[in-house]
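Working notes for the structure below.
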């Protein structure tokens, strides 16, 4: 398992070693010991999974303290354009985004620590997205930022996304007051 730093501090790409043969493949999708060896002492308490059709966009979502969540995200089937925005007020990268394609072929994962808004756009039908969370979901602590806010300048590579009502009406980044 290779842990790769991104341009944004604390945001990490996790590239597992995949063993393939004529029967299929095998890989470790999580190893507490390998994460600890990399300085990540994490306690995952909840796993989530979603299935979406092509062109579904979910995000940009986050959980405010004290229910802030770190997430280890990956695609089981299909592919997504995964996007995070740094919402940590004291971060040198505040308001900057990072995006990466996660798919069933590359098996790449992304570690998203607390203090990031997260979203993804599905690139294929029947995409199954999985994430391990370091805290439980709390409705009163949920937050969102408008996915297509022009100040964030995110190219989602999707022309007409399918959105929830919540995602259509999320606040602009300029109106957002970070609790991180």
Pairs only if they're at least six apart or on different chains, beta carbon under 6 angstrom, first in region 39-56 and at positive phi, second surrounded by 11 or more Cβ atoms within 10 Å (Cβ to Cβ); list them, first residue then second. 55/158; 55/161; 55/162
Does residue 130 qualify as being under 12 Å from residue 59 (Cα atoms) and under 18 Å from the mean Cα position of the chain (by Cα)? no
Neighbours by Cβ (under 6 Å, 6+ apart or cross-chain): first from region 147-158, over 20 Å from residue 124 (Cβ atoms); second surrounded by fewer than 17 Cβ atoms within 10 Å (Cβ to Cβ): 149/172
When restricted to 100, 145, 158, 112, the only residue modelled with pLDDT under 95 and either surrounded by 14 or more Cβ atoms within 10 Å (Cβ to Cβ) or in contact with a strand residue (DSSP E or B) (Cβ under 7 Å, 6 or more places away or on another chain) (or both) is 158
In region 74-148, which strands (runs of 3 or more DSSP E) lie fully inside it and hold 2 or more residues that are within 22 Å of residue 158 (Cβ to Cβ)? 79-86, 97-103, 109-112, 116-122, 127-133
Take the conditions touching a residue at least 24 places away in the same chain (Cβ under 8 Å), more than 19 Å from residue 11 (Cα to Cα), touching a strand residue (DSSP E or B) at 6+ places or on another chain (Cβ under 7 Å) and surrounded by 17 or more Cβ atoms within 10 Å (Cβ to Cβ) and apply them to residue 136. Does it pass? no
Name the residue, out of 7, 65, 16, that is in contact (Cβ under 8 Å) with a residue 12 or more places away in the chain and within 16 Å of residue 97 (Cβ to Cβ). 7
Test residue 50 against the stated conditions and say whether it is surrounded by fewer than 20 Cβ atoms within 10 Å (Cβ to Cβ) and under 16 Å from the mean Cα position of the chain (by Cα). yes
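The values are calculated or read from the model by the stated rules, or taken from the named source; none is laboratory data. Only a predicted model underlies this, so the values are computations on that prediction, with no experimental measurement involved. A quick note on method: Cβ atoms are made from the backbone with ideal geometry, for glycine too, and the neighbour counts reach across all protein chains shown.
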